[in-house]
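All remarks here apply to the structure that follows.
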Amino acid sequence: MKTGAFKPEYAGQISFYWSAVDAGMKTAANNSTIGLLLCQDHSRLVVEYALCGMGNPIGVAQYQLVAELPAELQESLPSVEALTQELEPEARGNEGD
């Protein structure tokens, strides 16, 4: 996730991360590594040129920060209180680990 507009050098950076994941974490049971880069803004043309010729799949998407979660999402997600109640018994059970 980047706090500004997409820059071509981000393509090299994510390629580095792919290599690190593939070399150190990926197993034969895993599917291909993919990349997803979230930026506050991007030019489609700049993204296309920057990613041209890269062998691994990557997505570049734009995000927008909001002050409050939209109502339709609030209704479909658990509340903070519900999550806390759900996680507290697990945390207490793992205290001796």
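Just one of Glu48, Glu75 is more than 30 Å from Ala5 (Cβ to Cβ) and among the acidic types (Asp, Glu); which is it? Before you say what the answer is, go through the steps one by one.
Details: Glu48 fails: more than 30 Å from Ala5 (Cβ to Cβ).
Of the residues listed, the single one that is more than 30 Å from Ala5 (Cβ to Cβ) and among the acidic types (Asp, Glu) is Glu75.
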Per the filter on the stretch 14-34, residues out of contact with any Ser or Thr (no Cβ under 8 Å at 6 or more places or on another chain), closer than 15 Å to Gly59 by Cβ and not in a loop (DSSP other than H, G, I, E, B) are Ile14, Ser15, Tyr17
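Take the stretch 35-67 and flag every residue that is loosely packed, with under 10 Cβ neighbours inside 10 Å and either hydroxyl-bearing (Ser, Thr, Tyr) or at pLDDT 85 or above (or both). First the steps, then the outcome.
Residues of the stretch 35-67 that are loosely packed, with under 10 Cβ neighbours inside 10 Å, as a first pass: 44-45, 52-53, 55, 64-67.
Across the stretch 35-67, the qualifying residues are Arg44, Leu45, Cys52.
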Residue satisfying all of: in the stretch 1-34; farther than 19 Å from Gly55 by Cβ and within 14 Å of the chain's Cα centre (by Cα); surrounded by the most Cβ atoms within 10 Å (Cβ to Cβ) among these
Lys2
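The values are calculated or read from the model by the stated rules, or taken from the named source; none is laboratory data. Because the structure is a prediction, the values reported are computed rather than measured. Note that we place each Cβ from the backbone using ideal geometry, even for glycine, and neighbour counts take in every protein chain shown.
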